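Asker: Once you've had a glance at the structure underneath, I'll fire off some questions.
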Amino acid sequence: MFKRLKRMVKKSIETPKDVSKWQKRLEFAKNQYQSELADMKKYQEYYEGTRKVQPDANRGTEPTKVATNVRNIVYELIESQVDSSIPMPKIRAIHPEDDELAKKMEKFLENKVKTCGLVLMNDAEERTVPVVGGDFMRVEWDQTRGLHSEIGDLKISELHPKKVIPQVGVIDFDEMDYFFIQELMTKNTVKRVYGVDVSECSNDAPEMTDEIKGASVNEDLVTVNTAFYRNDDGGVGIFVWCDYVKLLDLDEYEARYLDKCAKCGATMVNGVCPECGSKKAEKRKDEYEEIVKAIEVKIAGTDRMKTISNTEEVPMVDELGKPVLDETGKPKVTIKRTNKKIPYYRPNVYPIILRKNITAQNRLLGGSDVDVVIDQQDTIKKLGTKINEKLLKGGSAVTLPEGLEIEKDGEEFNVIRLRNAADKSMIDTITLQPNVQNDQAYLEINYAWAKSSLGITDAYQGKYDASATSGTAKQYSINQAAGRLDSKRTLKNEAYARLYEIMFKFWLAFSDSPSEITSTNIDGTAAHDQLERKEFLRIDSNGEFYWNDEFIFETDPTSTLMQNREMMWNQTDMKLQSGAFGPVGNLETARAYWMIMKANGYPNASTVLDQIEERIAQEQQQAQMMAQQMPQQGGMPNALPQM
C-alpha cells in the first residue's frame, strides 16, 4: 500500500507536460472509442463459442440462463473463408528506363514475404479481419535485424484493432492528425528498446491484460503508448511514453538520426569522435549524407549515367592569385574535396496499413461477419439448448398401482411384491419420445440464412451440394460463392499492395547496405542478385539529386495459383495432354514439359530433365555420325558403277 502511494505521489510530481498532453488526448479518444472496443470483444467471444446470448431486442431484458449446447456457426463460416495464400507483389515502372529495376524490386519484396514472417501474420489476419471487421499491419525498420552483411532490416507485425485508437471523428488514417497504439511490454524490454528505466512504473491500462491468462498479476508488464502525428511540415512525428515516463520524442520519425559528437558535432565512428576524440554522443537529425567515393547516378528520363565524385580539379594559384604553370605552360591543377551531399529519403507516410473486411460507410473498420449473422447464431443457441433439454428429459416412465413399490437391492433382479393378480395388470412402461423435428428444421433454416447472408454455399465448403448435379454445376456453385466473396479478396489485395509500397519506402529511407535477392529462373535454376539503394538515386536537369519512388504497386492476380504447386502440376499436365508443348512422346516436348515442372518445384524433376537432355544429346550425336557416313557410302550422284 505504501509503495503504491509512493508511486502515485512521484507520478503526480514528475509527469512532464508533454506526457500529460498526450495522456489527455489518448484518454479522450479511447473514451469515444469504447463502443467499438466493446463490439470487438463481443464479436471475438462469439467466434470463440460463448454460451451467452444478446438481450431481448424488444424488452431489453438480460437473458436468465446460458446455452447448454452451442453449434458455433460463426466459427464454421469464418474458417470456411480462410485463405492462406499471400498476394505477391507486382511492380510496374512509370518510366520505361526503370522496367528492369521494377523487376528486381519485385523479387526483393517476394523474398521479404518469407523473411519478414508474412505467412504467419496472414494466418492471424484471416481470422481477425472477418471477426472484428479489419486488422492492421505495421512496418518498422529494425537496426538489429538482417543478414550478416546487412545493417538492419524490415520488421512487419500484426496489430489487433483493439490496440489502435484513432483520432475522434476521422475515419481515414491518411487524414488523421494523430492516432495511438497501445502495446504490452515487459519492463526489461522497454529498457532494452528505449534505453529508459521504467521499473517504478505501473500498468496504466489494466484492460490490456484482461484477455491474456495470468497477465493481470504480472507486475513486470506495462503498457507502452505510442502516438504518431503529423508535424507542421507534413512529416510524421512520434511520441512514446509509459505511465508517467517519456520514452521517445521525435518530431521527424522517418528522418535519419545519427550519433553525433556532443562537443564538435562530427559523426561518431565506433563510439569515438574522429575529430576531437570525445566519447560523449547524442542523437541528432541528419538531412544529408556525404558522398565518400565516386558513384554512378542515372540521369532522370534517360538510360545515361553520370559519375558523381566527392573531389574536383581546381587551378593552382600563387600568392597574387595568378595561375601556376607547369614546364609546358599549362596551368597546374590540384584535387579539392567538394563535400557533395545527397538528401536522405523520407517516406512521409504513417507506418500502419488497414486491411478491411468489407467496406462500411462512416466507419474506420470494415463490416464484421459476426455482426451479420449474430441473430441467427443466437437463435441456433436457443434451439440447440431447447433440443438438448427435450431429449435429456425424455425417456421411460413406469405405472404402478397406488401403494406398490419396487425393491432395489442392487442384485440382477428387482422385487415387486404384489397384493393380488389385478396389481400385475396395472404395471406398465410408457416411453416419452419428445418431438424435435420442428426445432431441428428451424435451426437448419437459420443456418441457411447465415450462409446466404455471407455468400457461402455447400460446394464452397466442400460439402455435398444436392443442387449441383454435375461437376460443371458444382464448379459453377463454387465460382458463384467466390464471386460473392470477391470484394473481400480485392480489399486484401489492396492492403498488401499498400504494405509492399511502404516496405519499399522504409527500405529506401533506412537501408545502408546491399540487400541479397534470390529467385528462380524460368528453367528452374537459382539466381542471385543484389539490390542497392543507390540504384534509385536520380539527378535532374538542374543537377539536383532526388530518390526515384515513382512506381505502381499492385499484387499479382495469379499469385494464388503460383503458390499452389499441386495445382500448377495439374495444369501443366493438362497443357501437355492438349499438345501445348508439342507432340506427346517427342523428346523436345518432354524437355519443355520437365523444364516447367522443375521451375514449379516438382520432386526429382531436375533428374528427369538431365536424363532427357542426355538422350537428346545422344540422338544428335548419332544423327551427326550418320550425316558424315552418307557421302562416303553414296559417292558422286551421277557416277558410273565400277566394274
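The values are calculated or read from the model by the stated rules, or taken from the named source; none is laboratory data. Bear in mind the structure is a predicted one, so any value in this text is a computation, not a measurement. Quick reminder, even Gly has a Cβ in these numbers, built from the backbone with ideal geometry, and neighbours come from all protein chains shown. Side chains are part of the model used for accessible areas, which takes the heavy atoms of the whole protein and leaves out ligands, DNA and RNA. Shrake-Rupley method; radii C 1.70, N 1.55, O 1.52, S 1.80 Å.
Asker: Restricted to region 509-528, and to residues that are more than 18 Å from Leu147 (Cβ to Cβ) and touching a residue at least 60 places away in the same chain (Cβ under 8 Å), which residue is farthest from the chain's Cα centre (by Cα)?
Answerer: The extreme case among them is Asp523.
Asker: Residues that are among the aliphatic types (A, V, I, L, M) and within 30 Å of His148 (Cβ to Cβ): does region 533-547 have at least one?
Answerer: Yes, because at least one residue in region 533-547 is among the aliphatic types (A, V, I, L, M) and within 30 Å of His148 (Cβ to Cβ).
Here's the yes/no breakdown for (1) of a type outside the set (A, V, I, L, M, F, W, C); (2) out of contact with any Ser or Thr (no Cβ under 7 Å at 6 or more places or on another chain); (3) at pLDDT below 95:
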| site | (1), (2), (3) |
| --- | --- |
| Met1 | no, yes, yes |
| Lys6 | yes, yes, yes |
| Lys10 | yes, yes, yes |
| Glu14 | yes, yes, yes |
| Lys17 | yes, yes, yes |
| Trp22 | no, yes, no |
| Leu26 | no, yes, no |
| Ala29 | no, yes, no |
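Asker: Suppose the filter is part of a loop (DSSP other than H, G, I, E, B), among the acidic types (Asp, Glu) and open to solvent by 70 Å² or more (accessible area, probe 1.4 Å); does Glu200 pass it?
Answerer: Judged against the criteria, Glu200 is a match.
Asker: Separate question: Pull out all pairs, ordered by first then second residue, where Cβ-Cβ is under 7 Å, the residues are six or more apart or on different chains, the first lies in region 196-224 and is among the acidic types (Asp, Glu), and the second is open to solvent by 90 Å² or more (accessible area, probe 1.4 Å).
Answerer: Short answer, once both residue conditions are applied: Asp197/Lys191.
Asker: Tell me yes or no: at least one residue of region 121-134 is open to solvent by 60 Å² or more (accessible area, probe 1.4 Å) and acidic (Asp, Glu).
Answerer: Yes - at least one qualifying residue is present in region 121-134.
Asker: Also, quick follow-up: Any chance region 139-153 includes a residue that's surrounded by 19 or more Cβ atoms within 10 Å (Cβ to Cβ) and assigned to a strand (DSSP E or B)?
Answerer: yes
Asker: Would you please name the residue that is farthest from Trp141 (Cα to Cα), looking only at residues in region 225-249 that are free of Cβ contacts under 8 Å to residues at least 24 places away in the same chain and open to solvent by less than 60 Å² (accessible area, probe 1.4 Å)?
Answerer: Asn231
Asker: Which of the residues belonging to region 257-305 are open to solvent by less than 40 Å² (accessible area, probe 1.4 Å), aliphatic (A, V, I, L, M), farther than 30 Å from Asp540 by Cβ and modelled with pLDDT of 80 or more?
Answerer: Once the filter is applied, which keeps residues that are open to solvent by less than 40 Å² (accessible area, probe 1.4 Å), aliphatic (A, V, I, L, M), farther than 30 Å from Asp540 by Cβ and modelled with pLDDT of 80 or more, region 257-305 yields only Ala262.
Asker: Cβ-Cβ distance below 6 Å, separation of 6 or more or different chains: which pairs start in region 25-41 with a residue that is in a helix (DSSP H, G or I) and end on one that is of a type in the set (A, V, I, L, M, F, W, C) and surrounded by 18 or more Cβ atoms within 10 Å (Cβ to Cβ)?
Answerer: Pairs that qualify, where the first residue is in a helix (DSSP H, G or I) and the partner is of a type in the set (A, V, I, L, M, F, W, C) and surrounded by 18 or more Cβ atoms within 10 Å (Cβ to Cβ), are Leu26/Phe180; Ala29/Ile165; Lys30/Ile165; Met40/Val132.
Asker: How do the pairs read when you match residues in region 299-318 that are more than 15 Å from Lys340 (Cα to Cα) with residues anywhere that are surrounded by 13 or more Cβ atoms within 10 Å (Cβ to Cβ) and among the β-branched types (Val, Ile, Thr), using Cβ under 7 Å and keeping only pairs 6 or more apart or on different chains?
Answerer: Once the first residue is more than 15 Å from Lys340 (Cα to Cα) and sits in region 299-318, its partners that are surrounded by 13 or more Cβ atoms within 10 Å (Cβ to Cβ) and among the β-branched types (Val, Ile, Thr) give Ile299/Ile539; Ala300/Ile539; Met305/Val297; Val314/Val333; Pro315/Val333; Met316/Val333.
Asker: Tally up the residues in region 577-611 that are closer than 16 Å to Thr525 by Cβ, surrounded by 15 or more Cβ atoms within 10 Å (Cβ to Cβ) and of a type outside the set (Ser, Thr, Tyr), please.
Answerer: Qualifying residue count, region 577-611: 12.
Asker: Another question, then. Within region 433-443, can you find the residues that are open to solvent by 90 Å² or more (accessible area, probe 1.4 Å) and not polar (S, T, N, Q)? Spell out the reasoning first.
Answerer: Applying the first criterion (open to solvent by 90 Å² or more (accessible area, probe 1.4 Å)) to region 433-443 yields 433, 435, 437-438, 440, 442.
Scanning region 433-443 gives a single hit, Tyr442.
Asker: For region 81-101, which positions are surrounded by fewer than 18 Cβ atoms within 10 Å (Cβ to Cβ) and touching a residue at least 40 places away in the same chain (Cβ under 8 Å)?
Answerer: Selection gives Val82, Asp83, Ser84, Ser85, Arg92, Ala93, Ile94, His95, Glu97.
Asker: Follow-up question, since we're still on this one. Kindly establish whether Asn69 is assigned to a loop (DSSP other than H, G, I, E, B), in contact (Cβ under 8 Å) with a residue 60 or more places away in the chain and open to solvent by 60 Å² or more (accessible area, probe 1.4 Å).
Answerer: yes
For every residue, the table says whether it meets (1) assigned to a helix (DSSP H, G or I); (2) of a type in the set (Asp, Glu); (3) out of contact with any helix residue (DSSP H, G or I) (no Cβ under 7 Å at 6 or more places or on another chain).
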residue	(1), (2), (3)
Tyr546	no, no, yes
Glu554	no, yes, no
Glu566	yes, yes, yes
Ile596	yes, no, no
Tyr602	no, no, no
Leu609	yes, no, no
Met626	yes, no, yes
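Asker: Criterion first (touching a residue at least 60 places away in the same chain (Cβ under 8 Å), part of a helix (DSSP H, G or I) and either touching a strand residue (DSSP E or B) at 6+ places or on another chain (Cβ under 9 Å) or open to solvent by 50 Å² or more (accessible area, probe 1.4 Å) (or both)) does Glu106 satisfy it? Even if it seems obvious, please write down each step before you answer.
Answerer: On the way: touching a residue at least 60 places away in the same chain (Cβ under 8 Å): no; part of a helix (DSSP H, G or I): yes; either touching a strand residue (DSSP E or B) at 6+ places or on another chain (Cβ under 9 Å) or open to solvent by 50 Å² or more (accessible area, probe 1.4 Å) (or both): yes.
Considered against the rule, which asks whether it is touching a residue at least 60 places away in the same chain (Cβ under 8 Å), part of a helix (DSSP H, G or I) and either touching a strand residue (DSSP E or B) at 6+ places or on another chain (Cβ under 9 Å) or open to solvent by 50 Å² or more (accessible area, probe 1.4 Å) (or both), Glu106 comes out as no.
Asker: Given the criterion within 24 Å of Met208 (Cα to Cα) and β-branched (Val, Ile, Thr), identify the matching residue among Thr50, Thr68, Thr61.
Answerer: Within the list Thr50, Thr68, Thr61, the selection yields Thr50.
Asker: Within region 452-499, how many residues turn out to be open to solvent by less than 20 Å² (accessible area, probe 1.4 Å), more than 16 Å from Asn357 (Cβ to Cβ), modelled with pLDDT of 80 or more and more than 23 Å from the chain's Cα centre (by Cα)?
Answerer: 0
Asker: Let me ask something additional. Taking region 242-300 on its own, how many of its residues are of a type outside the set (Lys, Arg) and part of a loop (DSSP other than H, G, I, E, B)?
Answerer: So the count comes out to 25.
Asker: Are any residues in region 42-66 in contact (Cβ under 8 Å) with a residue 24 or more places away in the chain, open to solvent by less than 60 Å² (accessible area, probe 1.4 Å) and over 27 Å from the mean Cα position of the chain (by Cα), and if so, which ones?
Answerer: Within region 42-66, Val53, Gln54 meet the criteria.
Asker: Looking at (1) under 26 Å from Met185 (Cα atoms); (2) of a type in the set (Ser, Thr, Tyr); (3) more than 35 Å from the chain's Cα centre (by Cα), which one does Tyr229 not meet, given that it meets all the others?
Answerer: Exception for Tyr229: condition (3).
Asker: Let me ask another. Scanning for something at pLDDT 80 or above, closer than 30 Å to Pro96 by Cα and charged (D, E, K, R), does region 553-561 turn up at least one residue?
Answerer: yes
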